[in-house]
Amino acid sequence: MARRKGGTSRRSAEPDEPLGSIAQSGAPAAPGADRCQGCGNPDLVRIRMTLPDGRPALYVSCRTCERTNWFALDGDGTPVPREQALGTD
Ligand SMILES: [Zn+2]
């Protein structure tokens, strides 16, 4: 094996944070937000946000069936009602 000499300088531990508002990796997990409530697809767009009442939450959008939901990070897996998440009646 002569291909790798002194190969100890790989830089892979640097955080690679996206500049946009969508944080795919590093987004906190919220109960119930691990997969789509509609079709069970685990490949969701997850966006960290704060509910009108100040609770941290996660907005999830399914790539497959386009179902969207909000989940409180300290919730029990029950989706936050749309009216509550948007602060409307
Ligand atoms: Zn879905």
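Each residue of segment 44-51 was assigned a 3J(HN,Hα) from its phi angle through the Karplus curve 6.51 cos²θ - 1.76 cosθ + 1.60 (θ = phi - 60°); the sequence is 10, 7, 10, 10, 6, 8, 10, 6 Hz, with glycine and proline shown as x.
How do R82, R67 stack up against each other in accessible area, from largest to smallest, with a 1.4 angstrom probe?
R82, R67
Kirkwood radius for segment 44-86, taken over all pairs of different Cα atoms as the inverse mean of 1/r, rounds to 10.4 Å.
Charges were assigned to the Cβ only: +1 to each Lys and Arg, -1 to each Asp and Glu. The resulting dipole of segment 44-86 about its Cα centre is roughly 220 debye. One decimal place: the segment D34-C65 gains 9.6 nm when fully extended, by the rule 0.36 nm per residue minus the C-alpha distance.
The values are calculated or read from the model by the stated rules, or taken from the named source; none is laboratory data. The structure displayed is predicted, hence computed values, not measured ones. All Cβ positions, even for glycine, are placed from backbone atoms using ideal geometry, and neighbour counts span all protein chains on display. Ligands, DNA and RNA are excluded from the accessible area calculation, which covers all protein heavy atoms including side chains. Shrake-Rupley method; radii C 1.70, N 1.55, O 1.52, S 1.80 Å.
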